[in-house]
Amino acid sequence: MRRAAGILLAVAALTLPFWIANPYFLHVVIMAGIFGVLASSLNLLLGYTGQLSLGHAAFFGIGAYTSALLTLRLEWSFWLALPAAVVAAGIAGWAIGRLALKLRGAYFVLVTISFAGVIALVSINWMDLTNGPLGLPGVPAPELGPWSLRTKTAYYYLVLAAVAFAYEVCRRLVHSRIGRALVALRENEPLAESVGVDGTRYLVLAAVVSAGMAGLAGSLYAHYTRFVSPEVFLFTYTVTMVIMVVAGGKGTLAGPLVGAVLFTVLPEALRAATSWQWQMLAYGAILVVLVFFLPRGIVPAFFR
Amino acid sequence: MTLSVRDLTVRFGGVAALGGVSFDVRAGSITSLIGPNGAGKTTAFNAITGYLRATRGRVSYGDAVLSGLRPCDIARQGVVRTFQKTSVFPALTVVENVLTGLHLRGRAEVWSVLARRRRVREEEAALRAEAEAVVAFVGLAHRRGEIASALPYGEQRLVELAVALAARPSILLLDEPAAGMTSVEKDVIGSLIRNIRDQGITVLLVEHDMRVVMGLSDTVIVLNHGAVIAEGSPATVQSHPDVIRAYLGTTRAEG
């Protein structure tokens, strides 16, 4: 039953561009995929270790800028810039983790917020590197041998592969002694340490993987929109990620993906359905109702 | 290996919770640490296992110095504790609780986990089998799939014991394992502790229930006001005048 549903879902995902003719719809799906990677990365911290990063947009932005700058200035191939973006964001995650995860909890939240704020200011003011508020236009589309992945259909498959990759990374980690250590720290830290779980070490590890994955999403975003500006550091991105994780079901593998699809499609659907005055109101009302009736999220409520 | 505590002192501000306590826990023994409320038993546990930094003194286990180490490093030395207040991983099932306790038994690191090496999968299967065995040992096989926080109190204490055992201690520090239990449950936990000792695990026990303490212990150490006032076999300690005074107070004739 579960297996059949999985196969059906995989077939649907693989054939989606043939069902959706409208490029605008495909665009929404691609954005949902990029947010799916982002939400999965945040979930690794928020859902499994219980630590809230409110500066996750910083790792996303670092990935976007790294990838854009390497391809624009140094003319690197996208296929090298992508892992470089993951590494750059991962290093940032390591530094923040080392700094803040000794204290954890509220301190970690504050340090991540401040970090995102500082990085955003750097991106605005370091004109020589980032071109400031004007941003970096003309980020090249990825090429695969003789083909350019300029079309939405091609890019859809690239993002789909990234979503599958992120999902698999999370799945393998979660179902291992590493994932159990992360959950143990969330559930009962003194008890976890009494059986030998090194709290700081595992939280930093989670921060590195999480930040690297956010960097991956950043790179995909940069080469999709072909433009990077300080807007990638907006706090709204972080808030959206948190909403996706919490509404979808934190601490579940599928939750962030369900949340990402729902909360990428919802604003677009509302835009089509009502005038702008009512959009945010309806969005907020739906969110409140969702959290009220499904406090643990959509996935835990309907499965298991 | 002997756990040796030398001149262990813990001060909270001006108050000395422990004022220079020294004792040894002989390998293979069941040793109890008793004393009236506020005598410093739990403080001693916390200081030995790294949850509290001692003001002065030294704790060592065999050749390893434990003072100054973090709790997770102390666990790595084979010194594992339980907590006075029930302490489980609440949202996890009984088996998952124990599986988490097996953390140090696993070797898999992040790269081999991500690459899903065959060695990692074999280790995972071995750990799961071991977790089931530990769950069966404490007599919770029939509860294996239930969420730990939903179990009755007495069984949660058994989960806690199973988690600690999963860490394969060579010395186990139990903080009031029988507190709040019915007398039947106390007998169960008593025979479990004896079984644990028979497997070669040294046990250091903090316990209020004198029937449990006197029935189990090879050695009893009595603390009062942060100092050791008596030490010896249960019989010796029970008839020690200082111990009687500490527990029952002084009579006018003695005072």
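The values are calculated or read from the model by the stated rules, or taken from the named source; none is laboratory data. Remember, predicted model here, so these are calculated numbers, not experimental data. With ideal geometry, Cβ positions are generated from the backbone for all residues, glycine too; neighbour counts draw on all protein chains shown.
Run down A:Ala100, A:Ala81 and say which single residue is within 21 Å of the chain's Cα centre (by Cα), within 26 Å of A:Tyr224 (Cα to Cα), touching a residue at least 12 places away in the same chain (Cβ under 8 Å) and surrounded by 14 or more Cβ atoms within 10 Å (Cβ to Cβ).
A:Ala81
When you scan the stretch B:75-107, how many residues do you find that are within 11 Å of chain A (Cβ to nearest Cβ), farther than 9 Å from A:Val195 by Cα and in a helix (DSSP H, G or I)?
Of the residues in the stretch B:75-107, 5 are within 11 Å of chain A (Cβ to nearest Cβ), farther than 9 Å from A:Val195 by Cα and in a helix (DSSP H, G or I).
Restricting attention to the stretch A:140-169, report how many residues are out of contact with any Pro (no Cβ under 9 Å at 6 or more places or on another chain), modelled with pLDDT under 90 and charged (D, E, K, R).
Total meeting the criteria: 1.
Considering each residue of the stretch B:140-188, count those that are of a type outside the set (A, V, I, L, M, F, W, C), assigned to a helix (DSSP H, G or I), within 26 Å of B:Ile221 (Cα to Cα) and in contact (Cβ under 8 Å) with a residue 60 or more places away in the chain, and give that number.
Residues meeting the conditions: 2.
Let's see how each residue does on (1) surrounded by 23 or more Cβ atoms within 10 Å (Cβ to Cβ); (2) at pLDDT 95 or above; (3) under 18 Å from the mean Cα position of the chain (by Cα); (4) within 14 Å of chain B (Cβ to nearest Cβ):
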residue: A:Arg171; (1), (2), (3), (4): no, no, yes, yes
residue: A:Pro190; (1), (2), (3), (4): no, no, no, yes
residue: A:Val228; (1), (2), (3), (4): yes, no, yes, no
residue: A:Leu262; (1), (2), (3), (4): no, no, yes, no
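Which members of the stretch B:145-157 meet the condition of being surrounded by fewer than 24 Cβ atoms within 10 Å (Cβ to Cβ) and out of contact with any strand residue (DSSP E or B) (no Cβ under 8 Å at 6 or more places or on another chain)?
Of everything in the stretch B:145-157, those that are surrounded by fewer than 24 Cβ atoms within 10 Å (Cβ to Cβ) and out of contact with any strand residue (DSSP E or B) (no Cβ under 8 Å at 6 or more places or on another chain) turn out to be B:Ser149, B:Ala150, B:Leu151, B:Pro152, B:Tyr153, B:Gly154, B:Glu155, B:Gln156.
Enumerate the pairs (first residue in the stretch A:33-52 and closer than 9 Å to A:Lys250 by Cβ; second residue anywhere and at pLDDT 95 or above and not in a helix (DSSP H, G or I)) with beta-carbon separation below 9 Å, excluding pairs fewer than 6 apart on the same chain, so at least 6 apart or on different chains.
Once the first residue is closer than 9 Å to A:Lys250 by Cβ and sits in the stretch A:33-52, no partner that is at pLDDT 95 or above and not in a helix (DSSP H, G or I) comes close enough.
For the stretch B:162-184, does any single residue satisfy the condition of being out of contact with any helix residue (DSSP H, G or I) (no Cβ under 9 Å at 6 or more places or on another chain) and crowded, with 16+ Cβ neighbours inside 10 Å?
Yes, the stretch B:162-184 contains a residue that is out of contact with any helix residue (DSSP H, G or I) (no Cβ under 9 Å at 6 or more places or on another chain) and crowded, with 16+ Cβ neighbours inside 10 Å.
Are any residues in the stretch B:44-65 outside any loop (DSSP other than H, G, I, E, B) and small (Gly, Ala, Ser), and if so, which ones?
Across the stretch B:44-65, the qualifying residues are B:Ala44, B:Ala47, B:Gly57, B:Ser60, B:Ala64.
Consider B:Ala16 against the criteria (1) within 14 Å of another protein chain (Cβ to nearest Cβ); (2) among the hydrophobic types (A, V, I, L, M, F, W, C); (3) touching a His at 6+ places or on another chain (Cβ under 9 Å); (4) surrounded by fewer than 19 Cβ atoms within 10 Å (Cβ to Cβ): it satisfies all of them except one. Which criterion is unmet?
(1)
Which one of A:Gly196, A:Gly251 is touching a strand residue (DSSP E or B) at 6+ places or on another chain (Cβ under 9 Å), within 26 Å of A:Ala95 (Cα to Cα) and within 10 Å of chain B (Cβ to nearest Cβ)?
A:Gly196
Filter the stretch A:65-78 for residues that are surrounded by fewer than 24 Cβ atoms within 10 Å (Cβ to Cβ), of a type in the set (A, V, I, L, M) and assigned to a helix (DSSP H, G or I) and give the result.
A:Leu69, A:Leu70, A:Leu72
Taking the stretch A:154-169, which residues are away from chain B (no Cβ under 11 Å) and closer than 15 Å to A:Ala217 by Cα?
Hits for the stretch A:154-169 are A:Tyr155, A:Tyr156, A:Tyr157, A:Leu158, A:Val159, A:Leu160, A:Ala161, A:Ala162, A:Val163, A:Ala164, A:Ala166, A:Tyr167.
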